Amino acid sequence: MSVQRAPFPVKPPVDLSGAPPGPRLPRHLLGMLWLLREPQLLELCRRRYGDIFSLKAWPIGLLVVISDPAEIKRVFTSDPDVVHAGDGNAVTLPVAGKESVLLLDGQRHLHRRKLMLPPFHGDRLSVYGGLIGEVADEEIDRWPLDTVFPMHSAMQSITLKVILLAVFGIEDAERRAELERLIPKMINSPALLWPPLQRDLGSWSPWRRFLALRDKVDSLLFEEIERKRKDPELENRDDILSLLLQARDENGEPMGDEELRDQLVTLLLAGHETSATSLAWTFERLLRNEAVLARLRNKLAAGDEEYLDCVITESLRSRPIIPYAMRRLTEPFEIGGYEVPAGAFVGSSTTLVHNRPDLYPDPEVFRPERFEDKRADTYAWIPFGGGVRRCLGASFATFEMKIVLGRVIERCDLAVPDPKPERPRGRFVTYVPARGARVILRQRRPASSSVSTVFT
């Protein structure tokens, strides 16, 4: 799914005249509210100022937030040389690297996107279905009975292993285990969220520890890239790294090791944490809506996956993982009658547009049936962004969710220790369940092949 959160900082200073209205709090106070209470701040501003408003806050500078699908469409379909998405992903630079497709703009982005898209084509997804099901079954077999555990952590374990096997193609168990140990520490470093911490203040500073973790991960990835390059069976491999090694740009040139590393980590960011969080939220919602869960179980038992599609679509609507699809303006741009200056950021708010009562009646209610008779609107349902920046791995993510959800529902009887819904909590670029989506496994059934038959 596309990893975007508001960037740090805006340079050079932006002319704030002509921007839409917004709160007139001191910049640093507003910035602290934005960092610590973002969902609540956005909703208060929407009620006060409508579907378009400005946040003039440290450390973002000027951020224009929009939740009008018509304006979102204009931004998503505008000239990518005018609305830069790469600048909006700047917070991921320390992890993803400067060659990441997330951080590129203009023609360079389009060329790299075209190069990377074929491995994620829908026709190829069936190759990975059996693998995803096996990984899910192995994880389910480790869950404790009658004990509270966080579903978010369990889903992270599944999606990370899928990335290491299907994307990185790492067959060596020791190498996989080392990356499974290092990667969560790297991407959850506090230094990534707070730029003031991105200074080397000695061996115990967060930034030094992050750099050391990144170096270890990079060393393992470069070794894997070199191993794949020398593999005489490279052309017969179906992991995504092997496919990218064989890809050639418009000039017939392959990607170098540094760029391959950056794209692999990009796919890790986009396909591990976000997918795991989406799955965790789906279980958090299902287990607090018994009628929905019962209907889904019956549909899957009958071999019908259409309702599962609706459940996933509604989960991604009701619990957005990424708060914005972010763009930075390279020249003045008209939004809702306002002339927004160059240098400003425009955030298409997933949170706000997904909770518009005129688009989704009773938006606080988890109701998959709202998508049974109609497809989600392209510009009113934006968990994967949109336009030429739509998440490369969107099809892979939903395919993985379907298999994992099917496996768990087929094999497990789950309950929640507390019927009260879990609230979203910000962590790096995502909003996760505040208590980890806690569950209790009451009964576990043996694995069978029925679900994989439906989904692969």
Counting only residues 5 or more apart in sequence or on a different chain, those whose built amide H sits under 5 Å from that of Arg427 are Val432
I'm checking a number: the convex hull volume of the Cα atoms of the stretch 209-337, normalised per residue, in Å³. What is it?
249 Å³
Using a 7 Å offset from Cα along Cα-Cβ at Ser448, what residues in the stretch 282-306 end up with backbone N under 18 Å from the label point?
294-305
Can you give the percent of C-alpha pairs in the stretch 51-167 whose distance is more than 16 Å?
76 percent
State to the nearest 20 debye the size of the charge dipole of the stretch 232-305 about its Cα centre, where the only charges are +1 on K and R beta carbons and -1 on D and E beta carbons.
860 debye
Phi to ³J(HN,Hα) by Karplus 6.51 cos²θ - 1.76 cosθ + 1.60 over the stretch 127-143, Hz, x for Gly, Pro:
4, 9, x, x, 4, 4, x, 5, 4, 4, 4, 4, 5, 4, 5, 8, 5
Which whole-Hz couplings ³J(HN,Hα) result when phi for each residue of the stretch 221-232 is put into the Karplus expression 6.51 cos²θ - 1.76 cosθ + 1.60, θ = phi - 60°, listed in order with x for Gly and Pro?
5, 5, 5, 5, 4, 5, 4, 5, 4, 8, 6, x
Tell me the Kirkwood hydrodynamic radius of the stretch 382-437 in angstroms, computed as one over the mean inverse distance between distinct C-alpha pairs.
14.1 Å
Surpassing 28 Å at the alpha-carbon level, of the pairs Lys56/Lys420; Lys114/Lys230; Lys114/Lys161; Lys161/Lys230; Lys73/Lys114, are Lys56/Lys420
Sequence gap at least 6, Cα distance under 8 Å: using those rules, report the relative contact order of the stretch 384-437 to the nearest whole percent.
17 percent
With a 1.4 Å probe and all protein chains kept in place, how do Lys228, Lys161 rank by accessible area, largest first?
Lys161, Lys228
Restricting the calculation to Cα positions, tell me the Rg (one decimal) and the Dmax (whole number) of the chain in Å.
21.7, 64
Only four residue types carry charge here, +1 at the Cβ of Lys and Arg and -1 at the Cβ of Asp and Glu. Report the dipole size of the chain about the Cα centre in Debye, rounded to the nearest 20.
1540 debye
For the chain, what does the helix formula give at 222 nm: sum of -39500 (n - 2.57) over DSSP H segments with n ≥ 4, over the residue count, nearest 500 deg cm²/dmol?
-13500 deg cm²/dmol
Sequence neighbours fewer than 8 away in the same chain don't count; with that in mind, list the aspartates and glutamates whose C-alpha is under 14 Å from Lys374.
Glu306, Asp309, Glu314
Cα convex hull volume per residue for the stretch 251-321, in Å³, equals 135 Å³
Where labels lie 7 Å past Cα in the beta-carbon direction, separation of Val148 and Arg124 in nm
4.3 nm
Measure off 7 Å from each Cα along the Cα-to-Cβ vector at Leu197 and Arg288, then give the distance between these two points in nanometres to one decimal.
2.7 nm
Taking Lys185 as the anchor, which aspartates and glutamates have their alpha carbon closer than 16 Å to its alpha carbon, excluding any fewer than eight residues away along the same chain?
Asp215, Asp218, Glu273
Residue separation between Glu233 and Asp309 times 0.36 nm, minus their alpha-carbon distance, gives in nm 23.7 nm
Looking only at the chain, where both bridge partners belong to it, what percent of the DSSP beta bridges are antiparallel (to the nearest 5)?
85 percent
Taking the Kirkwood radius as the inverse of the mean 1/r across Cα pairs, report the Rg/Rh of the stretch 286-336.
1.31
Mind checking the alpha-carbon convex hull of the stretch 206-276 and giving the volume per residue in Å³?
115 Å³
Between Arg248 and Tyr338, what is 0.36 nm times their sequence separation minus the Cα-Cα distance? Round to one decimal in nm.
28.1 nm
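The values are calculated or read from the model by the stated rules, or taken from the named source; none is laboratory data. Here the structure is a predicted model, which is why all the values come from computation and not from measurement. For neighbour counting, all protein chains shown are included, and Cβ atoms are generated from backbone atoms with ideal geometry for every residue, glycine included. Ligands, DNA and RNA are stripped out before the accessible areas are found, and what is left, the full protein with its side chains, is counted by its heavy atoms. Shrake-Rupley method; radii C 1.70, N 1.55, O 1.52, S 1.80 Å.
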